[in-house]
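First the structure, in the form of structure tokens, and then the observations on it.
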Amino acid sequence: MIKSFWQYQLEALAPVCVGERQKKGTWRPCVLTIPYSAISGALREALGIDRDLDDEGKYPTTKFLHAAGFWTTPNVERYIHRFTFAPRERELDTARLPITVEYLDKGIQGAVFILINDHTAHLGDKIPVQVSLGAFKSKGFGHCALTARKRIDVDLEKDRVAGALKTRIPVDCLEYFGIPKQPAGWLRYGYLLEAISPTDGVFKPAWFEPSRVTAPAFLVTKGDANAN
Amino acid sequence: MTMSFIPEMHDIGKMVDNAAVFAAIEANPDSSFTLSQDRRGHCFEWIDWSHSKHLEPDTLTWQGIRYHHRIIGARLIQEYFWPDTESKQRQFFLLLADHLAAAVARSLTDEIDARISAEADGVYRLWKPEYYQQHQKSNSRRREWAAAYDEESLERLLDYVCDPNCTSESFLRDYAYWLTLTPEDKSAPRNVTSLFTHVELVGKFYRALRREWTNLSVLAPTYQSQNAETIAQAELRWRYRLVECCFHFPQTLVRAVDLNVLLKRQQLMNKLQQQFGDNVLLRTADTVLLFLPAEESLAMHLLVEGFLAAGFRVDCRVAETALALLDAGVFEARGSKLFEQRCAQLNAPFGVDLVALDAKRQQLREQMNSEHRRIGMTARGDRAIEERLRAESAFVALQEEERKVRSEFDRVRNELKQLPEKPLKIDCAETSLHPDLADTIVPPLCEVCQMRPATMHWPPPDVETDLRDDVCAECFAVRNMGRDKTGKTFSNLNKWDEEEQSVDVAWVRFFLADLGTLGRIVRGLFEYYVDRGPLAPLDQALRAQAKENLRTFALLADFTNDYRALLDEFFAWVQSDKGKAWFPESHVEGLGDKVAFKDLYVLRVEEGAAIDQVIRQFQKLLEKYFPQCVDTAPVRLAISVSNVKYPYDEHWRFLEKPAALINLQMPTRNARLLINADQLTMLQKIELGERRTASGRFLHDLVEQERISGTRALPQAMMLEALHKEEKEMRAHRPTRQLPEKVWEAYRSGRLTARQILDYYKIIGW
């Protein structure tokens with residue numbers, strides 16, 4: 001069976017803050033990969049795919065756009081910076097405790113893979129695509145450009161290898177990336193937010209990096225036995 | 001015969017200084033003991049019990065002590081000389097356990113054995129060769145390892161064997177000192193493990209093996225439908241598992257109470273050890289090495305269910321193979337030549353075509369018969385005589401060849417009898433065990449572990465605070481562990497957090513490398529010992545064979561025991577007057593007194609010199625306990641210094657898996673330093689002294705130059721210029737010295753960068 005993907009180069013035109021959830025109310029570390037939820041959400045927003053609300057004001061349960069990625073700039077942790085700001089409680093007009101946020105500096109590059117299906121087959125016509133990735137968009141964060149499209153065809157019989165996963169993918173969406181649910185070793189579980197309406201979401205279990213999986217070669221680092 | 005059987009005591013004879021005891025008995029005409037002709041061994045065969053006044057002990061344990069070397073691996077269990085089945089079984093499992101717990105497999109060739117007869121005095125610690133010598137009192141003629149060195153101490157030892165109150169635990173406790181100093185085997189290279197670890201492992205293996213075999217009415221033990229009538233058969237036919245379990249917690253360390261998760265892990269590991277102690281071969285702060293049957297009679301889930309229920313993730317490495325191949329290094333078997341060779345060696349008989357060998361043997365016999373007939377011919381004459389002589393020589397040659405083929409045939413057939421039906425193989429797998437995960441979680445998600453729905457609020461209603469965290473029941477339970485009356489654990493840390501003035505703390509963690517790395521380090525040390533120690537005169541092939549026969553269980557256990565001793569000593573230093581001078585009680589938040597491994601501290605620091613003290617104390621202890629592996633750094637130190645309010649999880653991220661021997665960071669000053677022992681020594685030699693501010697400024701310039709130029713040439717030129725300038729100023733009696741020569745020396749050596757020098761002084765020199 002063959003699965004096809006668009007591979008894009010992602011370039012951060014502004015600082016990017018794809019954060020873990022808020023800790024202790026004052027600290028928000030960032031993740032060093034591009035999770036499925038972040039990039040798929042950003043692309044859905046930018047391209048308008050999967051955004052038609054049903055009668056109850058919810059997003060469709062069947063999604064057509066599936067994307068995941070990772071940063072390709074070496075030693076991306078060196079690009080971590082922090083900024084502290086004091087959010088305001090608008091209703092009460094009071095200040096809240098200052099929050100320190102980690103973000104990745106602009107200029108870093110990544111790779112994004114989008115599953116090709118009927119809805120994404122003609123994405124090429126729309127490049128370069130500009131997306132807003134992650135949090136603090138109102139503060140000018142997250143502005144990224146997708147360029148340099150390339151098509152990748154993966155023969156699931158031949159082109160899959162065992163290695164350490166480089167991104168975060170919900171368990172329900174593994175099949176879209178040709179990843180069998182049988183792991184190749186240690187697994188890291190976590191939860192990713194899935195938007196079910198413009199204002200609501202639920203958390204779905206996902207495989208986090210560096211789970212040991214059998215996957216298309218571009219999604220894994222080979223030979224990472226000590227994926228701890 | 002009475003009392004329970006204590007397998008740990010089977011090698012008690014190794015703690016007897018035979019020479020001293022013989023001399024004492026011979027010198028005393030009224031001795032209770034009479035010496036026999038046979039003066040060798042550690043099974044008390046040198047006492048002629050029939051003529052001694054002292055009665056021979058009559059306990060089950062004594063049977064094990066006396067006769068565990070009377071059985072050889074290839075002897076059938078039916079031929080053991082005890083009349084009853086139970087005694088035979090007991091000896092069978094004792095010897096099997098003894099083989100498994102040996103540091104060097106018992107299969108060393110006779111040639112090596114014959115050439116390494118020299119006895120070592122006391123245990124030889126691979127990572128600390130002077131270990132025994134430091135214990136041996138220089139003014140004492142008595143061997144320090146000997147628990148029995150004269151008649152009186154011998155009688156005491158024998159009486160101990162007969163003590164009805166004696167248990168495995170009490171024996172290990174009462175004789176710990178001598179057991180630790182006595183080697184498992186006094187001949188090199190088997191003298192590398194302590195008797196303590198060996199007998200402890202024998203006890204564990206014995207009970208774990210025996211538990212699987214409950215059919216006492218059948219003489220030949222059967223396990224997994226593979227019966228074994230000899231020890232060799234059991235070693236080759238019975239498959240067991242080694243499982244390395246590493247316990248991870250999903251919690252992010254947000255508040256001081258989240259540190260409870262480390263205590264929780266220790267509690268659960270203690271419980272595991274209590275319940276399945278015989279299956280736990282090794283234990284570190286977060287890992288256990290389990291010895292389990294291959295059948296699912298002791299399922300992994302049962303062992304770790306407590307961890308899963310508390311939300312821990314368990315990463316397992318599982319290796320399943322025959323007992324003969326089971327070793328802590330077996331996890332790397334897939335890529336290891338060593339295990340491939342061993343496997344191929346043991347499986348060699350499967351590659352021999354016995355039918356062809358038998359056919360060849362038949363053919364040779366027929367040829368021999370034919371020649372024999374020719375020899376028997378009665379014709380006369382010279383030609384007939386010549387022909388007969390030719391037939392005779394051909395017959396002799398055929399006879400010799402047939403003998404060789406027959407012996408090869410018998411050897412292979414006998415080896416096949418020991419082996420299982422299919423060739424031996426090693427199965428390795430990695431897997432993770434997770435707590436049950438919900439398919440969907442409707443927000444809020446637990447803020448601490450992010451793995452379960454947040455159903456509770458922290459803190460509990462009885463604590464007055466404005467804070468409120470949404471947490472799951474498991475994280476709530478962890479946070480709620482051991483709350484004192486004030487509603488807070490880790491009171492010092494909390495107190496510092498609430499102080500108005502800024503408080504700096506150093507998170508200090510000692511780290512032991514994972515078992516795979518440890519195994520490689522220990523194997524490397526053993527190989528060095530074989531090449532440079534008493535086996536050095538042997539040729540390379542024999543030395544290679546000795547190296548291949550290493551089993552690392554006992555060595556790893558000894559290593560982890562020494563690591564614990566190092567941690568205990570550091571803990572004692574913190575509590576001593578010397579330690580208190582730097583860290584009074586109010587400055588220490590140690591998890592050390594609460595957890596089994598005293599490996600994590602949070603110390604309030606007023607100045608960088610306090611951090612320097614911790615590093616120097618670690619260096620001292622490292623030199624004391626592991627002088628031979630400072631370079632390979634199986635034991636590491638990580639220190640993260642910052643304001644107390646800095647996120648705990650950021651400290652933990654740095655401390656969790658330190659990469660170098662010394663790992664220092666001070667995020668608030670943007671300093672991070674990973675260095676080895678040599679680099680640390682060089683840095684410690686540099687004294688910036690009172691003018692360190694000026695030096696610091698200079699170092700900042702150097703770092704910038706290094707960064708911009710990407711080479712060392714420009715910074716070196718800068719340094720030379722500075723030194724030149726300094727010299728001029730000295731001449732002009734203006735000693736505004738900016739750059740000590742030692743900085744220049746350290747930098748010029750090429751082993752330190754300007755960044756490292758600067759970072760070190762950012763962390764230490766404040």
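Annotations for the structure displayed:
- Under 5 Å, built H, 5+ apart or other chain: amide partners of A:Glu20: A:Cys30, A:Val31
- Chains B and A, summed buried accessible surface - 1.4 Å probe, Å², nearest 100: 2500 Å²
- Measuring how big chain A is from its alpha-carbon positions, Rg and Dmax come out at 17.9, 60 Å.
- Equivalent ellipsoid semi-axes, segment B:1-69, via Cα gyration tensor eigenvalues times 5, rooted, Å: 22, 14, 10
- Computed in the context of the full set of protein chains, the accessible area of chain B at 1.4 Å probe radius has 49% of its extent on carbon or sulfur.
- Helix B:754-764 axis versus longest C-alpha principal axis of chain B: approximately 80°, rounded to the nearest ten.
- Beta bridges by DSSP in the protein assembly as shown, antiparallel share as percent, to the nearest 5: 95 percent
- Overall dimensions of segment A:87-160, expressed as equivalent-ellipsoid semi-axes from the Cα gyration tensor (√(5λ), whole Å, largest first), are 38, 15, 13.
- Largest accessible area first, the listed residues A:His122, B:His700, B:His248, A:His66 line up as A:His122, B:His700, B:His248, A:His66 when surface is computed with a 1.4 Å probe on the assembled protein chains.
- Chain B - charge dipole about Cα centre, Lys and Arg +1 at Cβ, Asp and Glu -1, debye rounded to 20: 1680 debye
- Heavy-atom accessible area order for B:Asp599, B:Asp410, largest first, 1.4 Å probe: B:Asp410, B:Asp599
- Candidates A:Ala135, A:Ala95, A:Ala195: whichever shows maximal mean-square fluctuation once chain A is modelled as a Gaussian network with Cα springs under 10 Å: A:Ala95
- Protein-protein interface of segment B:412-449, residues with accessible area decrease of at least 30 Å², isolated chain reference, 1.4 Å probe: B:Glu430, B:Ser432, B:His434, B:Leu437, B:Asp439, B:Thr440, B:Ile441, B:Pro443, B:Leu445, B:Glu447
- Assigned charges on the beta-carbon of Lys, Arg, Asp, Glu; the protein assembly as shown dipole about Cα centre (debye): 2320 debye
- For chain A: accessible area per residue (Å², 1.4 Å): 47 Å²
- Of B:Lys14/B:Lys53; B:Lys645/B:Lys762; A:Lys137/B:Lys264; B:Lys186/B:Lys657; B:Lys128/B:Lys598, pairs whose Cα-Cα distance is over 31 Å: A:Lys137/B:Lys264; B:Lys186/B:Lys657
- Exercise: per-residue mean of other protein chain Cβ atoms within 10 Å, A:191-204: 3
- Placing unit charges on the Cβ atoms of the charged side chains and taking the dipole of the protein assembly as shown about its Cα centre, the candidate lying farthest along the positive direction among A:Gly41, B:Asn676, B:Val703 is B:Val703.
- Chain B: angle of helix B:300-309 to the longest principal axis, Cα-based, in degrees nearest 10: 10 degrees
- Rh by Kirkwood over Cα pairs, then Stokes-Einstein D for the protein assembly as shown at 1.002 mPa s and 20 °C, µm²/s: 64 µm²/s
- Counting only Cβ charges, +1 for Lys and Arg and -1 for Asp and Glu, the dipole size of segment B:400-448 around its Cα centre is about 480 debye.
- Ratio of Rg to Rh for segment B:234-337: 1.03 [Cα atoms; Kirkwood radius as inverse mean 1/r over pairs].
- Dipole of the protein assembly as shown computed with +1 at Lys/Arg Cβ and -1 at Asp/Glu Cβ about the Cα centre; of B:Tyr131, B:Tyr80, A:Val16, farthest Cα towards the positive end is A:Val16.
- Note that segment A:202-218 has calculated 3J(HN,Hα) couplings of 10, 9, 10, x, 9, 8, 9, 5, x, 4, 8, 9, 9, 8, x, 4, 6 Hz, one per residue in order, obtained from phi through the Karplus relation 6.51 cos²θ - 1.76 cosθ + 1.60 (θ = phi - 60°); glycine and proline are x.
- Note on chain A: with a GNM built from Cα contacts shorter than 10 Å, the maximum mean-square fluctuation among A:Ile108, A:Ile39, A:Ile196 falls on A:Ile196.
- Computed [θ] at 222 nm, deg cm²/dmol, chain A (DSSP H ≥ 4; -39,500 (n - 2.57); rounded to nearest 500): -1500 deg cm²/dmol
- Among A:Arg78, A:Arg90, A:Arg212, the largest mean-square fluctuation in a Gaussian network model of chain A, built with springs joining Cα atoms closer than 10 Å, belongs to A:Arg90.
- Computed [θ] at 222 nm, deg cm²/dmol, chain B (DSSP H ≥ 4; -39,500 (n - 2.57); rounded to nearest 500): -14500 deg cm²/dmol
- Seen against the Cα atoms of chain B and their longest principal axis, helix B:195-211 is set at about 70 degrees.
- Dipole of segment B:458-574, positive direction: furthest Cα of B:Ala477, B:Trp507, B:Gln545, with charges on the beta-carbon: B:Gln545
- Evaluated at q = 0.19 Å⁻¹, a Debye calculation over the C-alpha positions of segment A:123-227 (equal weights, vacuum) places log10 I(q)/I(0) at -1.10.
- Amide H to amide H distances under 5 Å link B:Ala188 with B:Ala120, where only residues 5 or more positions off or on other chains count and H is placed in the peptide plane.
- Annotation for B:Thr465 and B:Glu152: the two label points, set 7 Å from Cα along the Cα-Cβ direction, are 6.2 nm apart.
- With N counted as the residues of segment B:526-570, its alpha-carbon radius of gyration over 2.2 N^0.38 Å works out to 1.54.
- Left without a cysteine partner by the 4.7 Å Cβ rule in chain B: B:Cys43, B:Cys162, B:Cys166, B:Cys245, B:Cys246, B:Cys316, B:Cys343, B:Cys428, B:Cys449, B:Cys475, B:Cys629.
- Each Lys or Arg adds one and each Asp or Glu subtracts one; over the other residues with Cβ under 12 Å from the Cβ of B:Ser749, this totals +3.
- Listed residues A:Phe208, A:Phe5 arranged by accessible area, highest first, probe 1.4 Å: A:Phe208, A:Phe5
- For chain B, share of DSSP beta bridges that run antiparallel, in % to the nearest 5: 90 percent
- Distribution of pairwise C-alpha distances over chain B, 10 Å bins, in %: 2, 11, 17, 19, 18, 14, 9, 5, 3, 1, 1, 0, 0
- Solvent-accessible heavy-atom area per residue, rounded to whole Å², over chain B at 1.4 Å: 45 Å²
The values are calculated or read from the model by the stated rules, or taken from the named source; none is laboratory data. Keep in mind that what you see is a predicted model, and the values were worked out from it rather than measured. Positions of Cβ are generated from backbone atoms using ideal geometry, with glycine treated the same way; all protein chains shown enter the neighbour counts. SASA here: full protein model, heavy atoms, side chains in, ligands and nucleic acids out. Shrake-Rupley method; radii C 1.70, N 1.55, O 1.52, S 1.80 Å.
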